[in-house]
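The values are calculated or read from the model by the stated rules, or taken from the named source; none is laboratory data. Predicted model only: the values in this text are computed from it and were never measured. Here the Cβ positions follow ideal geometry from the backbone for every residue, glycine too, while neighbour counts run over all protein chains shown.
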């Protein structure tokens, strides 16, 4: 019975995600689903990314958390259009489902956006299972986590189009093997781009920004940013 219920939930979500895809295509907006475990530095990385992309690229953000608007408040300072989804009101879900993205995206308005970034709830399991109609998924792993995370949570890295290895400024102070972490990502997703960077120092940021700009251009057909 639990398997059947889960199947129905995912089938309904897939239908909602397909409707989102059609909406985002109509609005000509590129949608990025940004996922990670809690504490990876996802919000700081996003904050820095917005600083570099705007105003050339018009960006909106949907922030997912179980409680608080802390991350949305921080990101709104950049001038991006930001809206918050809290899941505590309906059981504290550890992921953002497609129907929540639909209502938030329509409320936010996509007519004046080139890029919509969804900062998913911190979790290396559930968000990987729920299609939200995005164009690309990215997973953020920090050097304060284990090198074996890709092997322990393979689906998250298998569905991602690219990965960020964050907080590399801390490598001199940690017993963390960055090469092994990247190797493990390659084991579960061969050929996936991995951007090693520091959201604090900007080190390694340009390759990540170039990848994202290129993906937005490819969908929108723009050549002016």
**OP:** Answer with yes or no whether residue 132 is in a loop (DSSP other than H, G, I, E, B) and under 25 Å from residue 216 (Cα atoms).
**Re:** yes
Original post:
Restricting to region 45-57, what's the tally of residues that are surrounded by 18 or more Cβ atoms within 10 Å (Cβ to Cβ) and out of contact with any strand residue (DSSP E or B) (no Cβ under 7 Å at 6 or more places or on another chain)?
Top reply: 3
Original post:
Of all residues in region 1-33, how many are modelled with pLDDT under 95, surrounded by 19 or more Cβ atoms within 10 Å (Cβ to Cβ) and not in a helix (DSSP H, G or I)?
Top reply: 0
Original post:
Of the residues that make up region 44-62, is at least one at pLDDT 95 or above, farther than 21 Å from residue 107 by Cα and part of a strand (DSSP E or B)?
Top reply: no
Subject >> The listed residue being free of Cβ contacts under 8 Å to residues at least 40 places away in the same chain, touching a helix residue (DSSP H, G or I) at 6+ places or on another chain (Cβ under 8 Å) and crowded, with 16+ Cβ neighbours inside 10 Å, out of 159, 125, 139 >> reply: 159
Original post:
Residues of region 142-156 being in contact (Cβ under 8 Å) with a residue 40 or more places away in the chain and either more than 12 Å from residue 37 (Cβ to Cβ) or surrounded by fewer than 18 Cβ atoms within 10 Å (Cβ to Cβ) (or both), which ones?
Top reply: 144
Subject >> Long-range neighbours under 6 Å by Cβ, at least six apart or interchain, first residue without any contact (Cβ under 8 Å) to a residue 40 or more places away in the chain within region 92-107, second surrounded by fewer than 19 Cβ atoms within 10 Å (Cβ to Cβ) and part of a loop (DSSP other than H, G, I, E, B) >> reply: 92/66; 93/87
**OP:** Could you please let me know if residue 112 is surrounded by fewer than 19 Cβ atoms within 10 Å (Cβ to Cβ), within 12 Å of the chain's Cα centre (by Cα) and in contact (Cβ under 8 Å) with a residue 24 or more places away in the chain?
**Re:** no
Original post:
Restricting attention to region 169-203, which residues are more than 21 Å from the chain's Cα centre (by Cα) and without any contact (Cβ under 8 Å) to a residue 24 or more places away in the chain?
Top reply: 172, 173, 175, 179, 183
**OP:** Output yes when any residue across region 91-109 is part of a helix (DSSP H, G or I) and more than 29 Å from residue 58 (Cβ to Cβ), and no when none is.
**Re:** no
Original post:
What about residue 85, is it part of a strand (DSSP E or B), closer than 18 Å to residue 130 by Cβ, under 17 Å from the mean Cα position of the chain (by Cα) and without any contact (Cβ under 8 Å) to a residue 24 or more places away in the chain?
Top reply: yes
Original post:
If residue 169 passes every condition in (1) at pLDDT below 95; (2) under 30 Å from residue 54 (Cβ atoms) but one, which one does it miss?
Top reply: (1)
